[in-house]
Every structure is written in structure tokens, then in C-alpha cells.
Amino acid sequence: MKLRDTMERNIRIFLIFIVCLLLKKLPLTNLKASLLIDYKALEGAILRNKSEDDVKKYLEETSNKWLPLHSNESSKAYLVQEERRKDHISHFILRLAYSRTEELRNWFLKYECALFKLRFLRENPTEKQAFLNDENMRWKSLNQAEKKLMKEELNACSIPITTDGEFCDLFEIDFEKVPDLVARRAVYLKEGKAYVPVTQQLSLVMYEFRQRLAKALELASKSFITLRNERIMPMLDEIIKQYDGRTQTSNYSVINNPIADNVHQLVDHFPLCMQHLYQNLCENHHLKHYARIQFNLFLKGIGLTVEESLAFWKKSFSKVDEDKFQRDYAYNIRHNYGVEGKRQDYKPLNCMSLITKHRPNSGEIHGCPFREFSQPNLKAKLVQMGVRNDEHIREILNLAEEEHYQVACTKYFEITKGLLDKNNDSIIIETIEHPNEYLNASVLLEKNRKKMSNKDK
């Protein structure tokens with residue numbers, strides 16, 4: 001009976017922390033409500049080539065807001081043990097949630113390692129050494145006699161010298177454990193061993209951390225085979241959705257009472273995917289099935305009512321007579337709004353849905369342009385939309401080619417909206433995850449600039 005009571009108590013604690021992760025508006029969410037937001041912001045910053053100092057600064061701000069984690073020497077001023085407890089529990093929740101597939105494991109591993117690296121670097125030497133001792137991270141260290149035997153080779157490799165003229169501490173490591181140092185030629189290699197100076201110890205720590213976390217994720221993935229708790233699983237599913245991008249409801253819009261006749265006034269705020277669909281709609285007075293769904297749900301997210309949406313499509317399909325429109329198209333439009341069929345309230349599609357689901361076949365134009373366009377076609381489209389700087393074009397094309405489609409879209413937003421890293425009005429911190437998020441950010445940016453302009457007058 002005691003065992004069952006303990007298990008039930010642990011499940012309840014587990015559920016409380018998951019709820020706090022999901023419901024970010026509650027005060028309890030200080031505990032780690034937005035670690036996923038940290039990961040997404042970290043991902044965007046790294047992929048967009050932000051400087052290490054910029055990444056550190058932003059991570060400090062978000063961590064202090066959502067999950068403060070002070071060093072042990074601050075225990076008199078802060079509740080360090082409570083901070084540790086919240087950090088540990090929330091990490092294990094996310095570890096379990098993101099262990100389900102290889103793609104999720106790789107994503108979590110990459111940015112948990114990046115987060116760990118930034119945290120490790122900000123600790124003082126005493127805290128770092130205490131961590132290494134606790135985790136039993138020890139490597140074979142060369143004595144002075146061994147270093148003297150390799151003196152010429154070590155000098156040629158510019159191994160750091162201490163103040164007393166001796167070589168700094170050196171660790172003997174299998175070379176495949178430090179590929180980053182080998183690639184930078186920062187170590188001396190001999191017979192399959194890499195001789196790593198203590199100044200490069202971080203690479204050794206990161207290798208150990210990555211290996212251990214990767215094994216732990218593999219172990220956690222096997223838990224899903226036996227995990228059948230009807231309370232936990234739906235919440236883990238909800239956490240995983242955060243990776244796919246935010247959901248979007250028809251009520252979340254910064255446009256007041258939009259109508260069919262003023263949709264054209266909002267086109268400059270559309271993301272590239274929706275601008276592409278709108279241009280084709282204006283030219284051909286028609287869109288195929290998946291393109292209609294994509295654009296109709298986007299309009300729904302802007303705030304168009306079902307009546308206004310029907311009016312928009314009827315006007316746009318000007319070459320289709322009334323009977324054909326009602327027979328072939330009106331039902332599906334109403335169905336998207338949940339007033340026909342099974343009356344499901346469909347949400348506007350997020351970026352991951354556009355990227356991964358219902359890939360366009362020949363003759364279809366829906367989806368994400370950064371994924372679906374060839375490099376020449378994407379370049380031509382960027383130039384058409386006003387991106388003329390060769391460096392900017394090359395940066396977007398490279399991101400798209402490397403499959404960082406949402407980061408490419410975010411970079412497109414920053415360039416076309418005149419947002420440079422030094423500007424104070426750079427409201428895009430995270431990578432864009434939803435077409436309606438893009439539109440709202442653009443509209444708010446324009447409003448803020450108008451306010452500032454009026455103040456200057």
C-alpha cells in the first residue's frame with residue numbers, strides 16, 4: 001500500500017510540473033515554464049549567427065525570468081536548492097517527452113547541450129571543479145617527464161606555457177572524442193591520441209555530457225513502450241506539440257474586425273508563403289484544394305468571419321459562376337470554420353504543418369516556399385519581394401538549403417522589415433513558427449513605428 005501511495009504522489013508531482021510547463025500564464029510557471037521557449041530562442045540565435053555574447057545575454061534574461069538558477073555561493077541570497085529541484089524535475093519531464101522519436105531526441109540533445117555549455121561557462125572555477133568531481137569526469141593527465149618527451153611537438157602545436165615555463169596540464173584522450181579540437185588543429189595528435197591542454201577542457205566536458213544524455217534519451221524512449229498512464233500521456237503529447245510550433249486560434253489576431261474588402265490592404269504583412277498564394281489567386285482567380293485550405297485557415301486566423309471569408313472567395317473566384325461556387329467550394333470553406341460536417345473547429349496551420357504535411361505535387365503551390373522552391377526560384381522570388389542585397393539573399397538561400405526553413409523565414413522578416421541586430425525595435429526574438437504570428441508581428445511593428453513617429457512630431 002505504501003508503494004502505491006508513493007507512486008501516486010510522484011505521478012501527481014509529475015503532473016503538476018507538466019501543467020506548469022504548459023500553462024505559461026500561471027504564476028507557478030516561474031519554475032520552468034518556458035524552457036522550450038529558451039530552446040527555440042537558442043536555436044534561432046545560433047542558426048542566425050548571433051554572437052556568443054548576444055546568445056549569452058538573451059539566455060541570461062530569459063533564464064532569470066522563467067527559471068533562475070544561481071550558483072551555490074549565492075545560497076544565502078536565493079533558494080538555490082529549490083531552483084535546482086525545479087530545474088531537475090522539468091528537465092526529466094522534457095527528456096521523457098522528447099525521447100519518443102530520433103528527430104525529437106536529436107533536437108533536444110543539440111539544444112540541451114548548448115544550454116549546458118552556456119551554464120557551465122558562467123560558473124566560477126571552484127564550481128566547475130566541484131561539478132567535475134561529482135560527475136567523476138577525470139582523464140589521464142601527463143606528468144612532466146611525459147611532456148618533456150614531446151617537447152618539440154608540443155612547442156610546434158603552440159601548447160600554452162605556465163608562468164614557471166612548464167607546459168600547462170595536458171590530458172591524453174582518444175582523438176575521436178574531441179572532433180571539434182581536431183578540426184581546429186588545437187591539439188597534438190599521436191598514434192590515435194589527442195593531447196588536450198587544460199584550456200580546452202570544455203570540449204572534454206561537452207563530449208561526456210552529450211554521450212551521457214544521448215544514452216539517457218535512448219533509455220527514456222524505451223519507457224514509452226510501457227508508459228500507459230492516461231493522465232501523463234496526453235500532457236506529454238501536448239509538450240511535444242511545442243516542437244511542432246504554436247497552435248493558432250481564430251481569436252488571436254491584432255487586426256480589428258477585418259472584412260473581405262480590405263484583405264488586399266494587409267498583403268504587405270503576409271509571410272512569403274501567403275503572399276505567394278495571394279499573388280497566384282489574383283492572377284488565376286483560383287487555388288487548388290490544399291492551397292485553399294492553407295490560405296482560408298490563415299484568413300480565419302486573421303479574424304475573418306465565415307461570412308466574410310465566403311465573400312472573399314466568391315469575389316476572388318470571379319470566373320466561377322454562382323452555382324459552381326456553392327456546389328464545389330462554399331461547403332469546404334464553411335467546413336474549415338466548423339459549421340459543416342463534423343463541425344470541428346480547425347486551427348490555422350503552423351509552419352511545421354506547412355513544411356511536413358501534404359507536400360505539393362506538380363502543379364500545386366501550397367506549402368513553405370523556403371522548402372519547396374528550388375534555389376533559383378527562391379532567389380527570384382526574394383528579389384521580386386524586395387530583397388536585393390546579395391549577402392542577404394545568400395544568407396537566406398543557405399539557411400533554406402540547410403533545411404532551416406523557419407529561420408530563413410525569420411531572416412526574411414528581419415530583412416524586409418528593416419530590422420537589424422542593433423535596432424531597438426527588433427521584436428522578433430524567437431524563430432517564427434506560424435504564418436499568423438508573422439502577420440501579427442509585422443502589424444505590431446508598423447503600429448509601434450507610427451507611434452514613435454508621432455511622438456517625434
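Rundown of residues vs (1) of a type outside the set (S, T, N, Q); (2) on the phi > 0 side of the Ramachandran plot; (3) more than 31 Å from the chain's Cα centre (by Cα), yes/no style:
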| residue | (1), (2), (3) |
| --- | --- |
| Asp321 | yes, no, yes |
| Gln326 | no, no, yes |
| Tyr331 | yes, no, yes |
| His335 | yes, no, yes |
| Leu349 | yes, no, no |
| Ser353 | no, no, no |
| Thr356 | no, no, no |
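Table: residues versus (1) of a type in the set (S, T, N, Q); (2) within 23 Å of Leu104 (Cα to Cα); (3) in a helix (DSSP H, G or I); (4) open to solvent by less than 30 Å² (accessible area, probe 1.4 Å).
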residue: Phe312; (1), (2), (3), (4): no, no, yes, yes
residue: Asp323; (1), (2), (3), (4): no, no, yes, no
residue: Arg359; (1), (2), (3), (4): no, yes, no, no
residue: Gly363; (1), (2), (3), (4): no, no, no, no
residue: Ile396; (1), (2), (3), (4): no, no, yes, yes
Inset, instruction - Quick one: count up the residues across region 286-314 that are within 32 Å of the chain's Cα centre (by Cα) and not small (Gly, Ala, Ser). - result: 16
Legend entry - Pair list, Cβ < 6 Å and 6+ apart or interchain, from region 85-111 residues that are among the β-branched types (Val, Ile, Thr) to residues that are modelled with pLDDT under 80: Ile89/Phe17; Ile93/Phe17; Ile93/Ile18
Legend entry - Filter result for Thr410 (modelled with pLDDT of 90 or more and under 25 Å from Lys56 (Cα atoms)): yes
Inset, instruction - With the checklist (1) at pLDDT 95 or above; (2) outside the structural domain of Leu439 (by the TED database) in hand, flag the one item Asn251 doesn't pass. - result: (1)
Inset, instruction - Just one of (1) closer than 30 Å to Trp107 by Cβ; (2) over 24 Å from the mean Cα position of the chain (by Cα) trips up Arg371, so point out which. - result: (2)
Inset, instruction - Return a yes/no flag: does region 296-311 have any residue that is in contact with a helix residue (DSSP H, G or I) (Cβ under 8 Å, 6 or more places away or on another chain), at negative phi and at pLDDT below 90. - result: no
Legend entry - Residue among Thr416, Thr410 that alone is of a type in the set (Val, Ile, Thr) and over 28 Å from Asn284 (Cα atoms): Thr410
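The values are calculated or read from the model by the stated rules, or taken from the named source; none is laboratory data. Source: prediction; values computed, not measured. Neighbour counts run over all protein chains shown; Cβ positions are idealised from the backbone, glycine included. Keep in mind that these areas ignore ligands, DNA and RNA; they rest on the heavy atoms of the full protein, side chains included. Shrake-Rupley method; radii C 1.70, N 1.55, O 1.52, S 1.80 Å.
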